[in-house]
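The values are calculated or read from the model by the stated rules, or taken from the named source; none is laboratory data. Quick caveat, the model's predicted, so the values are computed rather than measured. Every residue, glycine as well, gets a Cβ built from its backbone with ideal geometry; the counts of neighbours run over all protein chains shown.
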């Protein structure tokens, strides 16, 4: 007997110049770089094999461009709750300069992201609240065999995964590293959610799609 499930397909945007050069993006409207455009073009044909019932996309430019390059026959629903964490004074700053300016502060950010307040920005607790609101409203626990696509950012996708499979954000946020233009899939069946894959790339994604 085949168990019916709901598929949540999570895709991070392609690489930007800020990603390549290790510069903080946050909610800055940074465009995809050449490699990011290529990544989206490579992944698109595989995603076209899935008949998505709905698609939710962050309104930030890099996520919108990624979705547009996929060329999918589904209208996107843009949702501000999917945006990356607002990093305030850190946005557009190279990570290396932040380390040089205050190493202890950066160590605190990495070791205790849940209790850290980004100068002039958004706390992870605040971001978690809006992402959880999106999950509860837009990602069904179980809706027969529906398929939902979400195109967003590393931070927001990490929080979605934690929410869907029940991982405490305070312990596991930095334990999930969602790569540029990678695919992660959560299956939701009655009474349980399963992280089926994490960080699949276009060149290795066919084995999952063709099942």
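From the set of residues in the stretch 67-97 that are within 18 Å of the chain's Cα centre (by Cα) and either at pLDDT below 95 or over 16 Å from residue 13 (Cα atoms) (or both), which is surrounded by the fewest Cβ atoms within 10 Å (Cβ to Cβ)?
So, considering only residues that are within 18 Å of the chain's Cα centre (by Cα) and either at pLDDT below 95 or over 16 Å from residue 13 (Cα atoms) (or both), the one surrounded by the fewest Cβ atoms within 10 Å (Cβ to Cβ) is 86.
Please determine, by comparing only the residues of the stretch 168-184 that are over 11 Å from the mean Cα position of the chain (by Cα) and either surrounded by 17 or more Cβ atoms within 10 Å (Cβ to Cβ) or free of Cβ contacts under 8 Å to residues at least 40 places away in the same chain (or both), which one is nearest to residue 28 (Cα to Cα).
173
Among the residues of the stretch 3-23, how many are surrounded by 19 or more Cβ atoms within 10 Å (Cβ to Cβ) and either closer than 26 Å to residue 74 by Cα or more than 16 Å from the chain's Cα centre (by Cα) (or both)?
Within the stretch 3-23, residues that are surrounded by 19 or more Cβ atoms within 10 Å (Cβ to Cβ) and either closer than 26 Å to residue 74 by Cα or more than 16 Å from the chain's Cα centre (by Cα) (or both) number 13.
Looking at this structure, is residue 165 at pLDDT 90 or above and either out of contact with any strand residue (DSSP E or B) (no Cβ under 8 Å at 6 or more places or on another chain) or surrounded by fewer than 14 Cβ atoms within 10 Å (Cβ to Cβ) (or both)?
No; evaluated as a whole, the condition is false for this residue.
Has the stretch 80-102 got at least one residue that is part of a strand (DSSP E or B) and farther than 22 Å from residue 164 by Cβ?
yes
Looking only at the stretch 98-117, filter to residues that are closer than 20 Å to residue 21 by Cβ and within 21 Å of the chain's Cα centre (by Cα); which one of those is modelled with the highest pLDDT?
Here the answer is 109.
What's the total number of residues in the stretch 116-135 that are in contact (Cβ under 8 Å) with a residue 12 or more places away in the chain and assigned to a helix (DSSP H, G or I)?
Counting residues in the stretch 116-135 that are in contact (Cβ under 8 Å) with a residue 12 or more places away in the chain and assigned to a helix (DSSP H, G or I) gives 9.
All but one of (1) within 15 Å of the chain's Cα centre (by Cα); (2) surrounded by fewer than 19 Cβ atoms within 10 Å (Cβ to Cβ); (3) under 22 Å from residue 35 (Cα atoms) hold for residue 64, so report the exception by its number.
Residue 64 satisfies all of (1) within 15 Å of the chain's Cα centre (by Cα); (2) surrounded by fewer than 19 Cβ atoms within 10 Å (Cβ to Cβ); (3) under 22 Å from residue 35 (Cα atoms) except (2).
Can you find even one residue in the stretch 43-56 that is closer than 22 Å to residue 158 by Cβ, touching a strand residue (DSSP E or B) at 6+ places or on another chain (Cβ under 6 Å), touching a residue at least 24 places away in the same chain (Cβ under 8 Å) and surrounded by 19 or more Cβ atoms within 10 Å (Cβ to Cβ)?
Checking the stretch 43-56: at least one residue is closer than 22 Å to residue 158 by Cβ, touching a strand residue (DSSP E or B) at 6+ places or on another chain (Cβ under 6 Å), touching a residue at least 24 places away in the same chain (Cβ under 8 Å) and surrounded by 19 or more Cβ atoms within 10 Å (Cβ to Cβ).
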